[in-house]
Structure formats: structure tokens, C-alpha cells
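The values are calculated or read from the model by the stated rules, or taken from the named source; none is laboratory data. Note that this is a predicted model, so its numbers are computed, not measured. Note that each Cβ is placed from the backbone with ideal geometry, even for glycine, and that neighbours are counted across all protein chains shown. Just so you know, the surface numbers come from the protein's heavy atoms only, side chains and all, with ligands and any DNA or RNA stripped out. Shrake-Rupley method; radii C 1.70, N 1.55, O 1.52, S 1.80 Å.
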Amino acid sequence: MKRLLLFIFPLFYTLTSFTQEKTLDYYLPDLEYDATIPTPESFFGFQIGKWHISHDMQVMYMRELARRSPRITLQEYARSYEDRPLILLTITSEKNQQNIEEIRTNHLALSQPDKNQTVNLSRQPLILYQGFSIHGNEPSGGNAATLIAYYLAAAQDSEVINLLENVVILLDPCYNPDGFQRFSSWVNTHKNKNGTGDGLDREYNVNWPRGRTNHYWFDLNRDWLLVQHPESRGRVANFQKWRPNVLTDHHEMGTNSTFFFMPGEPQRTNPFTPMNNQVMTEKIGEYHARALNKIGSLYYSKEGYDDFYYGKGSTYPDAQGSIGILFEQASSRGHQQKSDNGMLTFPFTIRNQVVTALSTQTAALEMKKELLQYQEQFFENALKTADLDPTKAFIFGESNDHARLMAFTQLIRQHDISVYQLTENMEINGCSFKKNKAFIVPLKQPQYHLIKGIFEKLTSFKDSLFYDVSAWTLPLAYNLQYESLTSKQFSNKSLGPPVTDLSLRQGRLLGIAQYAYLMEWDEYYAPQALNALLQRGVLAKVAHASFQIETVMGPKEFKQGTILVPLGNNQTKRPDEVRELIETLPGRYGVNVYGVNTGLTATGIDLGSRNFSTLQQPKILLLVGSGVSSYDAGEIWHLLDQRYDIPIVKMESSRLGSANLSEYNTIIMADGSYKISNGATTKVKAWLANGGTLIAFKRAMHWIKSAELANIEFRPTSPSPSAGSRAYASLSRDRGAQVIGGAIFETKLDLSHPLGYGYSRSRLPIFRRGTLFLEPAKNRYATPLSYTSNPLLSGYISKDNLQTIKKSASIVVSGRGRGRTICFADNPNFRAFWWGTNKLFANAIFFGHTIDSRAIE
């Protein structure tokens, strides 16, 4: 019996030690702390790690620290979609706080070679930006931030005082308030008093769409360069305001992992990042190794992750004279969970984040001179490299869609890139750039490296594996014409005034009509304008052929896709009511509207022709839930809700069988694996035959095909036969080389097809992820978008996949009865920044039901 008790005691101690509340010295150095500054435990009523703090609790504590400590100032720099504040704490000595604007201004001079000689590096504090929990379900960082803030506010140790005299720390405690709040609510709600650590427990299995993403289900750690969301725009504004020397990004990874810190895989560093960046990153990594050695935590580096995509928090700084550092902590995904490395507790994950945050601060202090000099030399070298570059500038423009042009220009201006107007029209490599509809970005400016990362096309790589996308060439994403300029094509005389007015140009109302109004479909926000009319019961039609007509302002040619709003034929609105609504469109949506006083045209179809189709107000059902890609579904939701103001119903696909589908005219299936009952399938078939429009993306086409809702065929991949045996160690790399993680391709668009309305060029750049290839339809009119014979524009694709994708279909239109099924092999709404293909999707919604039955597969 005594031996049994001796066995049970250590087992009991081991289990209870995982769940017992930790003391402050478990996380922080055992120092003297200012008693007037509240500890997290005294403020919350429990020690950090016992529960997951919510975002509102975190903000309240940070505000209290700022109120109590002269070392801290706090600013709210943005609001999330759910109206939660994003805050930034500026933490430094009280003396520095009194001169903080002078410190910031002097620091910015380091990135301006014409001013940096005025900066005394020995007296200039280093700027360190520390950010946490950009993924809501990676909470150890956001919880650790409270401890780090307390440490910096209250520690009385001479080393901390010295740190704060020489370093300004910008503490961003939660990059993603909405996801952080959502996840904390789930795990706290499902926490057991007696934890089991069993990964099957509900605590560790968060309901779809889970807690990683923001309100619209976007991964905000892919948005640093793209700045499509308010959280990112505020964060990037902070970065540009301060240009920190070091930026850290605290994450979590799989439960069975350990701890990772940068640098990543050396052969996968972005080619526009100077090699010395990785040298500095590795030197800082030595501080993390020593700190983790001290507490006995397992870790690794230079493996798995990379510094290639400039849209991530740890890579975005690398192109701008900063050192970006990624931390990845194995995640407990709750309060404690069994792992390959033993029981992983939430406090343990927090401690590793605290320890490496503090080791970063130590590195910043001890490497201060070296880091300041690195930043200064980075920008000096950028101008020297620009002088040697055969490309001297990039020119970009768009003649028919001002909104897309300005959206792209706004994006690059947010990254402190100088953009200039043209002094005259230019013809470059057969492309026309008009003075008022095109801009120039010279390469010789401090942001040289980032400009190259935004504009250049890359198709040759040292490695075939990528942690994220292999291409993101932004002017292609916005479907803009753009060219590089050599010294023969460019001089400073080409530069007009800098672009400062980034507002959307107002459209024009050209004439007061007595008969009808015509709205062009070229502008990006034309779908929003059309929806505004349809929501108010205005009768609108779309033209399927071109025509010339005498408008109130004179004769004009109109293309397919022109929207007709008749006055006399309108069934629900009086002519004066229609006019009142029409008059609001140019100012709100940037569209041009033309008044006409006759239905008789000079050439082409008359306004009463059957080649005009009556349009219907979109009533959209978006299927979501288990099996559906929350990213892709969120991109659809965001586009329709934020940019087009189209209401949508988001319904779990499991409820399809009980839904009244007659309430909807459009069903959208985002990428995903769908399991839909036979009864629900029968209902969808009947709904489609009755005239519905079914839009399916990527893997959703598998269910579409199996349910016989579309006549589509997939093109098989045909890898080259392997000769001989391969080393076991090559398996992962060989398989990974066949992945299309994200590349840009050229497609051919049928401009006469309803899905091509609003486009002016038949060659359309499109983004592709995945190896699901679609055969062109047997009906020659049912493939409005297909890959060209030489499709790769930018990014990585294996030779086998490149052969397979050539002349494959990107869109196939099929149908059943009076309905239409529109199948997209690609995602036209990728990460909200692929503005150039959004209109394909909008056209499917508004014009899909008008597609001729003779042109479906």
C-alpha cells in the first residue's frame, strides 16, 4: 500500500501542476516592481493563463497602465469591423516621452538619405515594434502582451531603466480584436474545471469559421501589403509613421510542434531583400536561443517558414530597412492539451512568448548601434542600387475604370511610395498611357526594394516550395496596363506633380432625359450603382449588343453590358422618382449616366430590342459551414457587403434541405467539400430548373458534377514518369513542388459574353491556387474564360502543371431547365485585393440568368 501511494503521489502532482495557477515570477524576472502599477492578476482577479482574457479586458488593462505609468502613452489607431479599438502603446522613459515627436522625426530621417546626416546615432533611441495575436485563435501572444506591458511599466531594475532610455517600444497588444474576442469566448465557455487535455474535447474544436480570422473571415497576416481591411490600414500607418528597426510578430502553430523563431529557410528569402537582413535576423535569433535555453524550452529555426511573401508581418518590414521576426509557439488551443511533447498548458505557451519578447528587447538594446546603422545604410544602398537598375520607373494606367486605378494608387501610397502624374501621353511597348489616366512610380526613391516587390514579375526561383503565395504582382491584380521604363524611355521630365488627391472621381450625369438613361458598365462600382436602383424597384435592362444613339449631349457609342433605365416603361416608379435616383449615381459610385430622348438608334440595336434583358434584384444565398473554405466564403461576403451593398443570407449548407429556396434567385457555393443530402439535392435541382442561378467555385464543382447540376469535365494532371528510385528525404519536397500555392496566369476573355461585360481587354490576369483543372465546354460558346497557350505571368508552377493548365477552362457555363450553373475553376475575389476579376463574379450574379440557353453546356 505504501508503494502504491508513492506511485500515485507523483502522478497526482504532475496532473495538478498543469492546472494550478502560476505566480508572476513564472512569467517575469523576479525584480522589484512599482507597487502603484496594478499587476494583471490584481486587475483581472486571476493570474494570466488561468482564463483566456477577452479583447475588451485587455484594452481596459492597457488603458489603466497608460493612466498609471508615465512611461506609457496609448493611442487608438483603428477600429475593427465589429467596432473594437485597436490600440498602440508607446513605451519608453519619461524623458523620452517628453520628446517623443522629436525622436520620431529624427528616426524617420534614417530612411531619407538626404537627411540622415543630421541624426546622431549615439543619442538616437532605437524603435522596436512588438505585435501579437494577428490570428485570433493564437492567443498566447495577446495574453503575454499584458505581462510585457506590466513589466515595462512597473519594473524598477536598472537594466529595464536603461532599456527604456535607449529604446522606444511600440506595443501592439492585439492585431485582430474580432478573432481574439471570438476565440476567447469559445474556449472559456467550454473550459473544464478538471482539465483532461483530450484534443477531442469541445474546448479545442471551435465551431466554423473558428477564431483565426477577422469579422469577414480574412487572414489578416496576409494583408500587410494589400491593406484591404481597417485593421491593416491602421497597422501599416503606424509602421510608416515610425519605420521601426525591428518588428516582431507573435504567432502559434500546431499543438505537436515546439517553438520557432526567424530566420526561415534561407533559400526562400525574397530576392529583393538584402542578404544582410538575414544576417541580422540570425544574430538576433541567438538572443532567443539563449533565453529559451535558460528555461529549457525546445525550439528550432531556419526550417518550414520563409521570408518570401511581403504581405506577412514578419516579411513586410524586410523590404523597408527593418528586421521582421516571426515567432511561432506550439498552441494549446485552449487551456491544456496533450501533445507529442507532453501536456501543453496555456501558461507555458504564454511564458515562451514573454521570454522571446524580452530577449528581443535585450537584442534591440545591445545591437542598437548596429541596427540603426543597418537601417541608414539600407536606404542609402537602395538609391545606389536604383542607379544600377536598368529599370528606372514603372508606368501604370487605366482608361475606362477610374476606381480601380485609384484603388491601386491608394494602396501603394499607403506604403509611402511616391507616385507622379504624367506630363504628356506616352506610348510604351504598344500600350497607350493617357496623361490624366496613368501615373509613374520612379525607382530611385527610398522604397526601392518594396516597389520592386510590388511591380516585378518573377518566374524563376531557387526553391519550388513556398509557405504562402509565390506571386502577388499588384498591377496585374488590379488588371491595369503597366510597363517598366528604361533610361531611354524615362527621365525626370516625364514626372508631373506628385499624386496627392486619391479620392474617387465623381462620374457625370450627361443630360436630363425624357425617354431613358444609359449607364456604362466599365466602372468598378457600377454593380453597386445597379443594385441601388434594383433595390428601390427601378426597372433596369442590360444590352447584349452594341449600338450608337443620339444622347442629350450628342452621339455616343455604347457597348454590350450597358444598363438601360427606361422612364415610360417603368412599372413601379414615376419618371421624376427615377430621375431623382439616377442623379445620385455619378456622385456616389463614379459612373457616367447619359440621358436620351429617343429609343431609336443610329446603328445597332434599338432600346426596345429583345437584345436587352430585364434584370432582377439579387437575392443571394451563400452556403457556409463545415467543409466550406471560410476564407473564400468570407471574400464573397466582404465583396458583396462592403463594396456592392448587396444583402446576402449566409446559411449552413446542412440546412439546405429545409430552406425555402424560392426566396432566392442566386445560390453561391464557395470553394469547399460539400456533403448535401439527396433531399436537398432534389430541391436544388428543382430550384435551378425554375430559373435560379447557381455559382460554384473550385472544389464545390465536385458536388455540382456529382449532382448533375452542370456538364463539366475535369482535366487530369499528368506528372512525368519518374525514372529510378528517389531518396526518402525527397518525398515532401517532390510533392510540394507540384503544389500551386498561388501564381498569376493569363487568360482569354470573350468580351461579347455576359460574363465579360465591362472589360475592354480580352487578356485578363487571373490568380490561381490549386491543381483542379477544368476542360473547356464542348459547346463552343460556354467557355467565356480560358487559359492561353503561354499562360504563366508571374509565380511558380511545375512543368507538368504548366502543360496541363494551358488552354484549360477558367469558367464554364452550364444549366438545367431555365436555370444557369456558372462554374469558376479559380477564385476571382482572392484576398479582396484581386480587384481586376471581381467583375466576373458580379456579372455572374447580375447577368447569369440572361445567358442564352444555346450557349450553355
(request) Calculate, axis by axis, the spread of Cα positions in region 29-164 along the three principal axes, and write the results as whole Å, longest axis first. (result) 51, 40, 23
(request) Starting from the Cα gyration tensor of region 201-355, take the square roots of the eigenvalues, sort them a ≥ b ≥ c, and report rounded, prolate or oblate (rounded when a/c is under 1.5, otherwise prolate if a/b is larger than b/c, else oblate). (result) oblate
(request) Would you calculate, for the chain, the mean residue ellipticity at 222 nm contributed by helices, counting each DSSP H stretch of 4 or more residues as -39,500 (n - 2.57) and dividing by all residues, to the nearest 500? (result) -9500 deg cm²/dmol
(request) Restricting things to alpha carbons, tell me how big region 760-820 is in terms of Rg and Dmax, in Å. (result) 13.1, 41
(request) Return one quarter of the surface area of the convex hull spanned by the alpha-carbon atoms of region 338-404, equal to its mean projected area, in nm². (result) 11.4 nm²
(message) If amide hydrogens are placed 1.01 Å from N in the peptide plane, which non-local residues have theirs closer than 5 Å to the one on Thr551?
(response) Lys556
(message) Please compute the contact order of region 165-316 in relative form: average sequence separation of alpha-carbon pairs under 8 Å and at least six residues apart, divided by the residue count, as a percent.
(response) 25 percent
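Out of the trypsin sites (Lys or Arg not before Pro) in region 505-541, which ones are loop residues according to DSSP with at most 16 other C-beta atoms within 10 Å? Please list the in-between numbers first.
Details: sites: Arg505, Arg508, Arg536, Lys541; in loops: Arg505, Arg508, Arg536.
When the trypsin sites (Lys or Arg not before Pro) of region 505-541 are filtered for loop state and at most 16 Cβ neighbours within 10 Å, Arg505, Arg508, Arg536 remain.
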(request) Over the chain, calculate the relative contact order: mean separation of alpha carbon pairs under 8 Å at least 6 apart, over the residue count, as a percent. (result) 10 percent
(request) Divide, for region 31-95, the radius of gyration over alpha carbons by 2.2 N^0.38 Å, where N is the residue count. (result) 1.22
(message) Taking every alpha carbon pair in region 397-456, what does the distance histogram look like in 5 angstrom bins from 0, in percent?
(response) 4, 18, 26, 26, 20, 7, 0
(message) For region 774-813 and region 292-310, what is the centre-to-centre distance using only Cα atoms, to the nearest Å?
(response) 39 Å
(message) Could you give each residue of region 377-383 its phi-based ³J(HN,Hα) in whole Hz, using Karplus coefficients 6.51, -1.76, 1.60 with θ = phi - 60°, and x for Gly or Pro?
(response) 6, 4, 6, 5, 5, 4, 5
(request) Percent of Cα-Cα pairs per 5 Å bin, from 0 to the last occupied bin, for region 519-590, please list those. (result) 3, 15, 25, 25, 23, 8, 0
(request) Among DSSP beta bridges lying fully in region 616-673, give the percent that are antiparallel, nearest 5. (result) 10 percent
(request) List, in order, the whole-Hz ³J(HN,Hα) value for each residue of region 225-233 obtained from phi through the Karplus relation with A = 6.51, B = -1.76, C = 1.60 and θ = phi - 60°; use x for Gly and Pro. (result) 7, 7, 6, 8, 10, x, 4, 6, 4
(request) Using only C-alpha positions, report the orientation-averaged shadow area of the convex hull of region 456-562, nm², one decimal. (result) 13.5 nm²
(request) Any chance you could tell me what percent of the C-alpha pair distances in region 383-511 go past 20 Å? (result) 46 percent
(message) I need the fraction of alpha carbon pairs in region 649-753 separated by more than 20 Å, rounded to a whole percent.
(response) 57 percent
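Beta carbons within 10 angstrom, averaged per residue: use that to sort the peptides 244-254, 763-773, highest first.
Going from most to least packed, we get 244-254, 763-773.
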(message) What whole-number volume per residue, in cubic angstrom, does the convex hull of the C-alpha atoms of region 80-234 give?
(response) 155 Å³
(message) Quick check on the chain: of the DSSP beta bridges with both residues there, what percent are antiparallel, nearest 5%?
(response) 65 percent
(request) Could you check how much of the accessible area of the chain is carbon and sulfur, as a whole percent, using a 1.4 Å probe? (result) 48 percent
(request) Can you figure out the FRET efficiency of Asn400 with Asp340, using R₀ = 60 Å and their beta-carbon distance, to the nearest 0.05? (result) 0.60
(message) Tell me the relative contact order for region 543-679 as a rounded percent, counting alpha carbon contacts under 8 Å between residues six or more apart.
(response) 24 percent
(request) Mind grabbing the base-10 log of I(q)/I(0) for region 273-347 at q = 0.18, 0.19, 0.21, 0.26 Å⁻¹? Debye formula, identical points on the C-alpha positions, no solvent, two decimal places. (result) -0.85, -0.90, -1.00, -1.20
(request) Quick one: pull the percentage of alpha-carbon pairs in region 434-485 with a separation above 17 Å. (result) 47 percent
(request) Give a residue-ordered list of calculated ³J(HN,Hα) values for region 524-534 (Karplus: 6.51 cos²θ - 1.76 cosθ + 1.60, θ = phi - 60°; whole Hz; x for Gly, Pro). (result) 4, 8, 4, x, 5, 5, 4, 4, 4, 5, 5
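Cα gyration tensor of region 293-407, axes a ≥ b ≥ c as square roots of the eigenvalues: rounded (a/c below 1.5), prolate (a/b > b/c) or oblate?
Working: a/c = 3.31, a/b = 1.71, b/c = 1.93.
Since a/c reaches 1.5 but b/c is at least a/b, the shape of region 293-407 is classed as oblate.
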(message) Considering only C-alpha atoms, what is the centroid distance from region 95-109 to region 614-662, in Å?
(response) 49 Å
(request) Run through all the Cα pairs of region 554-608 and give the fraction in each 5 Å bin from 0, expressed as whole percent. (result) 4, 14, 27, 24, 21, 10, 0
(request) Please list 420-428, 151-159 highest first by mean number of surrounding beta-carbon atoms within 10 Å per residue. (result) 151-159, 420-428
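Based on Cα coordinates alone, diagonalise the gyration tensor for the chain, multiply each eigenvalue by 5, take square roots, and list the semi-axes in whole Å, largest first. If you can, show how the numbers build up before the last one.
Working: eigenvalues 480, 225, 142 Å².
Taking √(5λ) for each Cα gyration eigenvalue gives 49, 34, 27 Å.
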(request) With r as the distance between the Cβ atoms of Glu708 and Tyr781 and R0 = 22 Å, compute the FRET efficiency 1/(1 + (r/R0)^6) and round to 0.05. (result) 0.55
